[in-house]
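One structure below.
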Amino acid sequence: MLLYQIELKIAMPDYDGNRYKPVKQDAVDCEENLKKSDLRKIMIKLRASQSQGEIAEKSAQIVAQLLAWPPFQNAKSVMIYMDYNSEVQTADIIDHCFKNQQTVIVPVVTSKKGEMALVEIRPDTVFAKSSLGILEPVINQQMLRNLNDVDLILAPGVAFDLKGNRLGYGGGYYDRLLGKNPELRQKIKVYALAFECQISDAIATEPTDCKIDGLITEKQIYQF
């Protein structure tokens with residue numbers, strides 16, 4: 001359970017290698033009552049507090065679990081994000097898919113309305129950095145795909161609980177993508193890649209939020 005001290009600003013807890021501790025004795029457990037924006041700030045800071053070595057090591061453990069997981073092995077096409085900053089690293093997963101003739105599709109935000117294009121990438125795809133510094137493919141019409149081309153979605157996120165709730169970056173991109181395709185959503189497995197430190201006891205939800213089917217961390221694969 002994560003304990004936080006909430007004052008005029010959000011204070012960072014100390015990390016002892018196993019769990020996060022409150023910064024003061026009178027800290028209160030406030031995860032369930034946190035606004036999404038506050039929890040998002042906290043969890044991004046917690047994730048970013050890991051060293052690059054820790055991120056790389058834990059990402060490798062997550063990749064190993066994923067590659068041994070039958071639903072991934074059996075997927076003909078995988079939608080996966082290009083990692084950014086302190087997210088779980090995905091380059092080795094993408095390389096593995098290329099080597100095993102699995103189609104790789106990445107989401108790319110294409111408008112201020114929060115729409116995502118689904119873009120197939122290949123080993124020879126040309127990439128460029130977006131205004132946010134995210135590596136994105138240079139898109140042409142032949143690369144565009146639809147959700148019905150996807151067997152498995154591996155999504156990013158900021159925080160998760162063990163009821164299948166996911167807290168993203170606030171843009172609602174995945175919720176819109178999945179929410180407007182309810183029939184396809186029932187057929188496609190949606191799992192998130194995350195570090196154990198991103199798991200929260202509870203996340204506030206809204207009617208438009210779409211749950212995930214599971215979570216893959218450095219410790220285990222959670223099924224919801």
For Ser131 and Ala202, what does the FRET efficiency come to when R0 = 35 Å and r is the distance between their Cβ atoms, rounded to the nearest 0.05? 0.55
What whole number of Å gives the distance from the Cα centroid of region 58-73 to the Cα centroid of region 77-101? 11 Å
Loop sites in region 56-162: trypsin sites (Lys or Arg not before Pro), DSSP, at most 16 other Cβ within 10 Å: Lys76, Lys112, Lys113
Taking 7 Å along the Cα-to-C-beta vector as the label spot, tell me the Asn148-Asp38 distance in nanometres, rounded to one decimal. 4.5 nm
Ranked by Cβ crowding within 10 angstrom, fewest neighbours first, how are Asp201, Asp83 ordered? Asp201, Asp83
Between Ile139 and Lys180, what length in nm is gained on full extension when 0.36 nm per residue of separation is reduced by their alpha carbon distance? 12.4 nm
List, in the order given, every pair from Lys163/Lys189; Lys35/Lys219; Lys163/Lys219 whose Cα-Cα distance in the structure shown is over 22 Å. Lys35/Lys219
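Suppose the chain between Leu67 and Gln220 were pulled fully straight at 0.36 nm per residue; how much longer would it get relative to their current alpha carbon spacing? Don't skip to the answer; put the middle values down first.
Working: separation 153, 0.36 × 153 = 55.08 nm, distance 1.27 nm.
Length gained, Leu67 through Gln220: 53.8 nm.
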Under a plain spin-label model, where a point goes 7 Å from the Cα along Cα-to-Cβ, how far apart in nm are Glu54 and Asn74? 3.7 nm
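What list do you get for Ser49, Ser131, Ser86 if you sort them by fewest beta carbons within 10 Å?
Numbers: Ser49 15, Ser131 5, Ser86 18.
Ascending Cβ contact count within 10 Å gives the list Ser131, Ser49, Ser86.
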Taking every DSSP bridge whose two residues both lie in region 52-223, the antiparallel percent to the nearest 5 is 55 percent
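Given the alpha-carbon gyration tensor of region 52-223, what are the semi-axes of its equivalent ellipsoid in whole angstrom, ordered largest first, with each equal to the square root of 5 times an eigenvalue? Kindly include the intermediate steps, with their values, before the conclusion.
Details: eigenvalues 96, 78, 56 Å².
Its equivalent ellipsoid spans semi-axes of 22, 20, 17 Å.
Each value in this text was obtained by applying a stated rule to the coordinates, not by laboratory testing. Keep in mind that what you see is a predicted model, and the values were worked out from it rather than measured. Methodologically, a virtual Cβ is constructed for each residue, glycine included, from the backbone with ideal geometry; neighbour enumeration extends over all protein chains shown.
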